[in-house]
Amino acid sequence: MSRPHVSIEQATGADVEAVHALDDACFGVDAWSQESVRTALTGPHRHALLAHEGEELVGYAISMLGGDVLDLQRIAVAPGHRRSGLARVLFDRLCQEGAAGRAQRLMLEVSEANASGRAFYEACGLTEVARRPAYYRDGSAALVMELPLTPEDEDVVEAHLARERTDVAELAELAEREEWRDA
């Protein structure tokens, strides 16, 4: 059985329920309320990308532009679609769109206890610039991370996106031949 193509598109207010459901599946007790999701998708200076496989929402990324800073507020991939390169595709697309706009840097906060999240962001080129002690519900510190974005980065990001599109296409092809299994 072949996997449908993953498409990336802009979110709208009509996507609130689907994003809220995926947010709940990914973050559990730390999921946003439906109203918070609505604000994140439709509020001023907000930008949200959705990843669909066929009709199914399988990932999203939400950011907010404040001055010259693109703040990555949330990125999530459905459990059954993790480790497919989808989070990187969403991340890179946000960076590309931020660099094309007026953002000069991307910033985010990640829990010190979130080893996989930290590793992902480090692999994306972010560096730690500050710590916020006891920031999260579990008492863990928030690591504030940053990635410079400049108009020159657009070409670099576009080249990376081309590689990612190839990687995602190759993964889909392997899945069709049942040679690849989601770990």
Looking at the structure I just gave you, is residue 38 part of a helix (DSSP H, G or I), modelled with pLDDT of 95 or more and not aliphatic (A, V, I, L, M)? yes
Residue count for segment 41-85, restricted to those that are farther than 21 Å from residue 106 by Cα and either among the β-branched types (Val, Ile, Thr) or in a loop (DSSP other than H, G, I, E, B) (or both): 7
Which number in (1) touching a Gly at 6+ places or on another chain (Cβ under 9 Å); (2) surrounded by fewer than 19 Cβ atoms within 10 Å (Cβ to Cβ); (3) modelled with pLDDT of 95 or more marks the one condition that residue 65 misses? (3)
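Conditions (1) among the charged types (D, E, K, R); (2) more than 29 Å from residue 52 (Cα to Cα), marked per residue:
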| position | (1), (2) |
| --- | --- |
| 86 | no, no |
| 102 | yes, no |
| 127 | no, yes |
| 140 | no, yes |
Condition check for residue 115: without any contact (Cβ under 8 Å) to a residue 60 or more places away in the chain and surrounded by fewer than 17 Cβ atoms within 10 Å (Cβ to Cβ): yes
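The values are calculated or read from the model by the stated rules, or taken from the named source; none is laboratory data. Computed from a prediction, not measured in an experiment: that's the story for all the values here. All Cβ positions, glycine included, derive from the backbone under ideal geometry; neighbour counts span all protein chains shown.
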